Amino acid sequence: MKTVITYGVFDLFHEGHARLLERARQLGDKLIVGVTTDRFAMERGKLCVVEPLEVRMDNVRRCPWVDQVIVEDHMGQKAEDILRFSADILAMGDDWLGKFDALGDLCQVVYLPRTPNVSSSLLRNARLPFLRIGMIGAGRIAERFVREAGYVRGVQIPCVYHPNPDASASLHGFLSRHTFIKKTRTLEKLFDQTDAVYIASPHGTHYAYARSALEAGKHVLCEKPLCMSKAEAEELFALAKEKDLVLMEGVKTAYCPGFLQLCGVARSGMIGEIVNVQSCFTKLVPYGTREWTDVSYGGSFTELGSYVLLPIVKLLGTEDTSVSFDSVRGANGLDVFTKVNVRGRDRLASGLCGIGAKGEGELIVSGTRGYIWCEAPWWKTQYFELRFEDPTVRKCFSNEFDGDGLRYEIADFFLRIQGHAGRDTRLLPAESIWMASVMEEFLKTR
Ligand code: C2G
């Protein structure tokens, strides 16, 4: 009796998968298939899995050559499984050639040729084989966006718009580093060549650009803060809905696996009833930059407030909240440091942001039985602990946060445009609208 084992994500089960399983089974008498969880697939760089694990397992189970289906959810599991099931052969597609040779100490490792011209990515991108995203703005964050978009298969960035293309030194540098991106002089030209836009321009311009893009029928991913007033944000989401377009606010933390897990743990009851949320994000910004000089939209809260408000709105909700602020201000009136206090129905929260003072960038969620402590920088959520009255009792959680983390929001944006369900709850329109209303309240304090 020869046992063969193989592993895969098997998203949108296709002929390539079926043929691989058939040939794997022919290598022995029994075939065990490990189906990779969404979380583990994401840890391994697969950001765009669309079918839930149970659907993917059912599809594999239905295959006549498969004798047993198991879940693969952690690094090192293959070696454990080979021993546990006394597997004689590990069979993998030859896209993995050489990657599993080390397991040759435990069993025979066989790489089978892949079936050409069929893949989960091709099926996933059925609606739009390539999503062309036009960029508005070419500053620091735009640079990261280009790098991160490279991790989402099917995304292209053909062009960038700048209102003053010849005078902008940052645009010049940007274009020389990314020669495949062309500059456009008008928004119309940008819209002509794209399906969607990414807005990474100064805060005060977001609303107008987003509105023009939506009116032109383009999906919009807009850097935070999406808007500086509640009415503007409501208008944009209504317009997106009317035109059946995706509008997303780019608060990257909202889409990353660690933060999603942290919110789930906070809501699970493990710390009892949530009572307080405390978040802090400070970034010492050099003098002379937009954050220090733009008297309309500079300062610490407009720059970092969206981040500190994110766990607050996620865990307090948008209903029946009241907000107050306290700031230390510079000579031009811009806030160097701001504290925001939020009172919800039966919960409290506070956020600290600073561009001219440093604090520990942690997130603490207090509950009636214990609390969650998330290590700095919590907005790139990687490590957090559940802690209790008894300091010897704690539970640790760690997650990947790859690169600059924008890849998670870009993957969600892409999959939502492709029409795949399940990615639209990570930052709800009502939550973005609430954050815009807090920005509006803050601007009144100036
Ligand atoms: N496959 C194939 N031909 C294709 C596409 C996929 O033979 N056209 C094979 C792959 O080589 C792999 C299996 O089908 O052996 C499953 O493929 P994926 O669903 O893409 O999963 P993969 O990323 O290979 O997952 O821990 C192991 C990983 O989860 C492997």
Can you give the longest stretch of the chain with no exposed loop site, where a site means GluC sites (Glu not before Pro) in a DSSP loop (not H, G, I, E or B) with at most 10 other C-beta atoms within 10 Å? 1-318
How big is the gap, in Å, between the Cα center of region 361-440 and the Cα center of region 182-201? 31 Å
Could you give the angle, 0 to 90 degrees to the nearest 10, between helix 406-417's Cα long axis and the longest principal axis of the Cα atoms of the chain? 80 degrees
Using the basic label-point model (7 angstrom from Cα toward the beta carbon), what is the GLU362 to VAL295 distance in nanometres? 4.0 nm
One finds, for LYS182 and MET1 with R0 = 60 angstrom and r their Cβ-Cβ distance, a FRET efficiency to the nearest 0.05 of 0.45
Per-residue ellipticity at 222 nm attributable to helices in the chain (runs of n ≥ 4 DSSP H, -39500 (n - 2.57) apiece, nearest 500 deg cm²/dmol) works out to -9500 deg cm²/dmol
Could you compute how fast region 31-129 diffuses translationally, taking Rh as the Kirkwood radius over C-alpha pairs and applying Stokes-Einstein at 20 °C with viscosity 1.002 mPa s? Give it in µm² per second. 143 µm²/s
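Taking R0 as 41 Å, what FRET efficiency do you get between SER268 and ARG211 from their Cβ-Cβ distance, rounded to the nearest 0.05? Kindly include the intermediate steps, with their values, before the conclusion.
Numbers: r = 39 Å, r/R0 = 0.96.
FRET efficiency, SER268 to ARG211: 0.55.
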Obtain the nm distance between the two label points defined at SER121 and THR318 by a simple spin-label model: each point lies 7 Å from its Cα along the Cα-to-C-beta direction. 3.5 nm
Cross-link candidates for LYS99: which lysines have Cα within less than 24 Å, leaving aside residues fewer than 8 places away along the same chain? LYS2, LYS30, LYS46, LYS78
At R0 = 22 Å, FRET efficiency that the Cβ-Cβ distance of VAL393 and THR425 yields, to 0.05: 0.10
With +1 on the Cβ of every Lys and Arg and -1 on the Cβ of every Asp and Glu, the dipole magnitude of the chain about its Cα centre, in debye rounded to the nearest 20, is 600 debye
For the chain, what is the percent of antiparallel DSSP beta bridges, rounded to the nearest 5? 45 percent
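What number do you get for the chain when its Cα radius of gyration is normalised by 2.2 N^0.38 Å, N = residues?
Values: Rg = 24.3 Å, N = 446, 2.2 N^0.38 = 22.3 Å.
Its radius of gyration relative to the 2.2 N^0.38 Å reference: 1.09.
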Which lysines, on any chain, are close to LYS189 with Cα under 20 Å apart, when same-chain ones fewer than 8 places away are left out? LYS218
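Each value in this text was obtained by applying a stated rule to the coordinates, not by laboratory testing. Because the structure is a prediction, the values reported are computed rather than measured. Virtual Cβ from ideal backbone geometry, glycine too; neighbours counted across all protein chains shown.
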